[in-house]
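Here's the structure we're looking at; comments come further down.
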Amino acid sequence: MRKGYRYFDLVMAIFVAVLLISNVASSKILDLGPFTFDGGTILFPISYIFGDILTEVYGYSRSRRVIWIGFGCAVLMAVVFAIVGALPPTEGWRGQEAYMTILGQTPRIVLGSLIAYFAGEFSNSYTLAKMKMLTQGRWLWTRTIGSTIVGEGVDTLLFVLIAFYGLYTPSLLSSIIISNYLFKTGFEALVTPLTYLVVNTLKRVENEDYYDVDTDFNPFRVAA
C-alpha cells in the first residue's frame, strides 16, 4: 500500500500554480535595478524551491510525477490560449491585440518554455537526489543551492536561446541570460533558511526523509 501524505498535494498544487503564473508573466521583459529579465523570473525561482522540497522530502520519483503534471498543465494552458487567440473576436470587442500581446505567445516561446522547464526541473531534482545520497543527508544548503545552480543554468540558457535567439541583439540576450541566472540562484541562496524550515517541518509532520537509493532516474517514467 502506498504511503499517504498530509501535505504532498498542497506542495504539488503550489508548484503547478507558480509554473503557470510564471509562464504568463514571462511575456513582459523588464528592468529591476541592474537586472534585465522576463517578468516570470520574479516568481519562477519559487518552483525550484518547491522542486527541492519535493525531492528532499518525498523523493525523486514523486517529484518526477509532479514535474510531469506541471508539464501537462503548461501544455494545456498553451493550447487553450492559442485556440482562444485564433478564434475571431465578437464585434465591438477591442481587446484582441492586447490578448495576443500577453497570452498569444509565439510557438518559439511556448516551445522554449516547455523544453527549458522539462530539462531544468529534472536536472534540479536529479542533482539534489544524488547529492543527498553523496552527503548522507547532511548539509542541506549544499544540495538546494547546488541543484539550483545546475537546474536554473540549464533552464535559463535553453529558454532564452530557443525563445529569443535572432529576435534580440547578442548583448541583450547575454544580459537577459546573466540577469536571469544571477537573480534566480541568488534568490535561492537568500531563502535557504525558509527552505530549511519548510523541509524540516514536512519531514517531521510527514514522517518521511526519502533517500533515492534504488530509484530509477529515467525522467520519462511517469509513474511514481
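The values are calculated or read from the model by the stated rules, or taken from the named source; none is laboratory data. Note that this is a predicted model, so its numbers are computed, not measured. Ideal geometry is used to build each Cβ from the backbone, glycine not excepted, and the neighbour counts take in all protein chains shown.
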Tabulated pairs, the stretch 109-133, first touching a residue at least 12 places away in the same chain (Cβ under 8 Å), second of a type in the set (Asp, Glu), C-beta under 6 angstrom, 6+ apart or interchain: Ala116/Asp155; Gly120/Asp155; Leu128/Asp52; Ala129/Asp212
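When you check Met77 against the structure, is it closer than 16 Å to Ile115 by Cα and either in contact with a Leu (Cβ under 8 Å, 6 or more places away or on another chain) or in contact (Cβ under 8 Å) with a residue 12 or more places away in the chain (or both), yes or no?
yes
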Residue, nearest to Tyr117 (Cα to Cα), within the stretch 2-38, restricted to residues that are of a type in the set (Gly, Ala, Ser) and outside any helix (DSSP H, G or I): Ser26
Hey, Tyr58 of a type in the set (Phe, Trp, Tyr), in contact with a Ser or Thr (Cβ under 9 Å, 6 or more places away or on another chain) and crowded, with 22+ Cβ neighbours inside 10 Å or not: no
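In the stretch 71-172, which helices (runs of 4 or more DSSP H) lie fully inside it and hold 2 or more residues that are over 19 Å from Asn23 (Cα atoms) and polar (S, T, N, Q)?
Values: elements: 96-102, 107-134, 140-164.
Once the helices (runs of 4 or more DSSP H) in the stretch 71-172 are filtered for at least 2 residues that are over 19 Å from Asn23 (Cα atoms) and polar (S, T, N, Q), what remains is 107-134, 140-164.
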Pairs where the first residue, in the stretch 191-204, is more than 17 Å from Thr142 (Cβ to Cβ) and outside any helix (DSSP H, G or I) and the second is of a type in the set (Phe, Trp, Tyr) and at pLDDT 90 or above, C-beta under 9 Å, 6+ apart: none
Boolean, Val66 is under 16 Å from the mean Cα position of the chain (by Cα) and either part of a helix (DSSP H, G or I) or of a type in the set (A, V, I, L, M, F, W, C) (or both): yes
